[in-house]
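The values are calculated or read from the model by the stated rules, or taken from the named source; none is laboratory data. Here the structure is a predicted model, which means the values were calculated and not measured. For neighbour counting, all protein chains shown are included, and Cβ atoms are generated from backbone atoms with ideal geometry for every residue, glycine included.
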């Protein structure tokens, strides 16, 4: 792990707490520190653009990580250097809900921008799960939702055309950002990924991604440039769903 | 316990059952594998069901009222996707939960289909959840199984995104082999293997023809042999290298 520790308690001003799993864990305290009722251990850290978690490094996960600010992605690395992005992490996401039960991560995490993260104490969360039925249910739904997102990602990879795969990838991301109130303007969303990153998320080559992005822009569907995605025509964008679950 | 009155033979999945030793399954109590809790029976409404091969056990989108454990036979979690195509999300083996997602959801996201004749045990969903909430031990065991489902979902993305046909099929065979090996179901370097080419095709996003070609190549390279419904492992190290 490559993190720089941070001392201040940033949860008070967090813009995504109320729309993420954190709302179930952290009391809304008006002060600059957690309320006494909040008995969770929290370590806040910042990292620049690099690999912050490496798979199969023992005992890295003394507790689950929450991405507080910035963008990152979870990925699988092949011995020959190939990689597959498994999921994009946006502010408010846990790296994986299941890391509460798996101390040795079987994935790596790379930050796409400068990020701030919070590592929560495993024992504290597990204790709360046994005491609070609402939290227990919310955690169960979070796990289900993580699996559902991964399944949708798999299905998206069965799209035949490069443009369909990219549209599917962006659609799912825009939906998640909208639910968390993350947007630049009505039809513009942040997307700080390189074409190589998008290629690794969609199983395409960077050249195929470049061509597909050109086609999508030319056909007035979406524009991906300057670390942003602009929805040019909402109807066309939403209609581009040729491989949805029936 | 009076076994002469209540004895039921254990099922093939009992040895590797995710619920083994948790005191939740009345079958395990009846067949003498587990000591009965106070009152003599587990505190969850439950029952055993069977289904024929190639029939649906649970349908996509139907309401969830139960969680189920596969006791005998093989099944598959399947998702219908548009254009008449199907994706097999995972193969389910004896002793495994049919889907962990059923624990916390009100509707079934995917179907479960029997590959062979199956028997499975159903538990009331809300009572099962209450048992998890009440016991750290039960919660930890279920979450460990659920984590494996997450790993399989990750690997499906890697399969469809990056792996070649050879890598996908080799990895699938090794995954099944490893799971059966853990539960002691490898005999004479062979496992029961009721999958058809069409199952492998639906699980790996390939065509039946392509699957046939890869399996023939594996046979010709003497990595595996498939005879009837038995798979024999001939060179697991080489197959591992093929799986990347």
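Could you please find all residues in region B:125-138 being in a helix (DSSP H, G or I) and more than 7 Å from chain A (Cβ to nearest Cβ)?
Passing the criteria: B:125, B:126, B:127, B:128, B:129, B:130, B:131, B:132, B:134, B:137, B:138.
Residues of region B:112-129 being more than 30 Å from residue A:131 (Cα to Cα) and buried (at least 20 other Cβ atoms within 10 Å of the Cβ), which ones?
Initial filter on region B:112-129 (more than 30 Å from residue A:131 (Cα to Cα)): B:112-120.
Those that are more than 30 Å from residue A:131 (Cα to Cα) and buried (at least 20 other Cβ atoms within 10 Å of the Cβ): B:112, B:113, B:114, B:118, B:120.
Among the candidates B:149, B:167, B:105, B:113, which residue alone is within 12 Å of chain A (Cβ to nearest Cβ) and under 19 Å from the mean Cα position of the chain (by Cα)?
That would be B:149, the only listed residue that is within 12 Å of chain A (Cβ to nearest Cβ) and under 19 Å from the mean Cα position of the chain (by Cα).
Which of the residues spanning region B:93-102 are within 11 Å of chain A (Cβ to nearest Cβ) and either under 21 Å from residue B:42 (Cα atoms) or surrounded by fewer than 21 Cβ atoms within 10 Å (Cβ to Cβ) (or both)?
Matches in region B:93-102: B:100, B:102.
Tally up the residues in region B:46-59 that are surrounded by 15 or more Cβ atoms within 10 Å (Cβ to Cβ) and more than 17 Å from the chain's Cα centre (by Cα), please.
Final tally of qualifying residues: 1.
Would you call residue B:231 under 19 Å from the mean Cα position of the chain (by Cα) and in a strand (DSSP E or B)? Can you show your working first?
Values: under 19 Å from the mean Cα position of the chain (by Cα): yes; in a strand (DSSP E or B): yes.
Yes; evaluated as a whole, the condition is true for this residue.
One line per residue, one yes/no per condition, for (1) in contact (Cβ under 8 Å) with a residue 40 or more places away in the chain; (2) touching a helix residue (DSSP H, G or I) at 6+ places or on another chain (Cβ under 8 Å):
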position: B:51; (1), (2): yes, no
position: B:89; (1), (2): yes, yes
position: B:97; (1), (2): yes, yes
position: B:105; (1), (2): yes, yes
position: B:111; (1), (2): yes, no
position: B:118; (1), (2): yes, no
position: B:121; (1), (2): yes, yes
position: B:127; (1), (2): yes, no
position: B:151; (1), (2): no, no
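Mind checking which residues of region A:154-169 are touching a residue at least 24 places away in the same chain (Cβ under 8 Å), crowded, with 16+ Cβ neighbours inside 10 Å and over 13 Å from the mean Cα position of the chain (by Cα)? Write out each step before concluding.
Here is the first cut: in region A:154-169, the residues touching a residue at least 24 places away in the same chain (Cβ under 8 Å) are A:155-159, A:161-169.
Right, trim to crowded, with 16+ Cβ neighbours inside 10 Å and you get A:155-159, A:162-169.
Once the filter is applied, which keeps residues that are touching a residue at least 24 places away in the same chain (Cβ under 8 Å), crowded, with 16+ Cβ neighbours inside 10 Å and over 13 Å from the mean Cα position of the chain (by Cα), region A:154-169 yields A:155, A:156, A:157, A:158, A:159, A:162, A:163, A:164, A:165, A:166, A:167, A:168.
Consider region A:107-151. How many of its residues are more than 30 Å from residue A:226 (Cα to Cα), in contact with a strand residue (DSSP E or B) (Cβ under 8 Å, 6 or more places away or on another chain) and modelled with pLDDT under 90?
Residues flagged as more than 30 Å from residue A:226 (Cα to Cα), in contact with a strand residue (DSSP E or B) (Cβ under 8 Å, 6 or more places away or on another chain) and modelled with pLDDT under 90 within region A:107-151 amount to 3.
For residues that are surrounded by fewer than 18 Cβ atoms within 10 Å (Cβ to Cβ) and closer than 18 Å to residue B:153 by Cα, scanning just region A:68-95, find the one that is nearest to the chain's Cα centre (by Cα). Lay out the reasoning, then the answer.
The initial filter retains those residues of region A:68-95 that are surrounded by fewer than 18 Cβ atoms within 10 Å (Cβ to Cβ), namely A:69, A:77-82.
Add one more test, that the residue is closer than 18 Å to residue B:153 by Cα, and what stays is A:77-78.
Details: A:77: 18, A:78: 21 Å.
Among residues in region A:68-95 that are surrounded by fewer than 18 Cβ atoms within 10 Å (Cβ to Cβ) and closer than 18 Å to residue B:153 by Cα, the one nearest to the chain's Cα centre (by Cα) is A:77.
Out of region B:103-123, which residues are touching a strand residue (DSSP E or B) at 6+ places or on another chain (Cβ under 6 Å) and under 23 Å from residue B:26 (Cβ atoms)?
B:103, B:112, B:114, B:118, B:119, B:120, B:121, B:122, B:123, listed by residue number.
All but one of (1) buried (at least 17 other Cβ atoms within 10 Å of the Cβ); (2) away from chain A (no Cβ under 12 Å); (3) at pLDDT below 95; (4) in contact with a strand residue (DSSP E or B) (Cβ under 8 Å, 6 or more places away or on another chain) hold for residue B:195; state the number of the condition that does not hold.
Exception for residue B:195: condition (3).
Answer yes if at least one residue in region A:132-147 is more than 12 Å from every other protein chain (Cβ to nearest Cβ) and in contact with a helix residue (DSSP H, G or I) (Cβ under 9 Å, 6 or more places away or on another chain), and no otherwise. Quick ask: steps written out before the conclusion?
Within region A:132-147, the subset more than 12 Å from every other protein chain (Cβ to nearest Cβ) is none.
No: zero hits.
When the residues of region B:72-84 are narrowed to those that are within 11 Å of another protein chain (Cβ to nearest Cβ) and touching a residue at least 24 places away in the same chain (Cβ under 8 Å), which ends up surrounded by the most Cβ atoms within 10 Å (Cβ to Cβ)?
The qualifying residue surrounded by the most Cβ atoms within 10 Å (Cβ to Cβ) is B:77.
Kindly indicate which of B:169, B:157, B:200 is at pLDDT 95 or above, within 30 Å of residue A:197 (Cβ to Cβ) and out of contact with any strand residue (DSSP E or B) (no Cβ under 8 Å at 6 or more places or on another chain). Don't jump to the end; show me each part of the working.
Numbers: B:157 fails: out of contact with any strand residue (DSSP E or B) (no Cβ under 8 Å at 6 or more places or on another chain); B:200 fails: within 30 Å of residue A:197 (Cβ to Cβ).
Going through B:169, B:157, B:200 in turn, just one is at pLDDT 95 or above, within 30 Å of residue A:197 (Cβ to Cβ) and out of contact with any strand residue (DSSP E or B) (no Cβ under 8 Å at 6 or more places or on another chain): B:169.
Being more than 7 Å from every other protein chain (Cβ to nearest Cβ) and not in a helix (DSSP H, G or I) is the filter here, so list the residues in region B:152-164 that pass it. If you could, list the steps in order and put the result at the bottom.
First pass over region B:152-164, keeping only residues more than 7 Å from every other protein chain (Cβ to nearest Cβ): B:152, B:155, B:159, B:163-164.
The answer is B:163, B:164.
Have a look at A:65, A:44, A:98 and point out the one that is over 15 Å from the mean Cα position of the chain (by Cα) and within 26 Å of residue A:23 (Cβ to Cβ).
Criteria check complete, one pass: A:44.
Need the failing condition index for residue A:125 against (1) surrounded by fewer than 21 Cβ atoms within 10 Å (Cβ to Cβ); (2) part of a helix (DSSP H, G or I); (3) without any contact (Cβ under 8 Å) to a residue 12 or more places away in the chain, just the number.
Evaluating residue A:125 over (1) surrounded by fewer than 21 Cβ atoms within 10 Å (Cβ to Cβ); (2) part of a helix (DSSP H, G or I); (3) without any contact (Cβ under 8 Å) to a residue 12 or more places away in the chain leaves (3) as the failure.
Return yes when residue A:235 is closer than 17 Å to residue A:74 by Cβ and without any contact (Cβ under 8 Å) to a residue 24 or more places away in the chain and no when it is not.
Details: closer than 17 Å to residue A:74 by Cβ: no; without any contact (Cβ under 8 Å) to a residue 24 or more places away in the chain: yes.
Against the criterion (closer than 17 Å to residue A:74 by Cβ and without any contact (Cβ under 8 Å) to a residue 24 or more places away in the chain), residue A:235 does not qualify.
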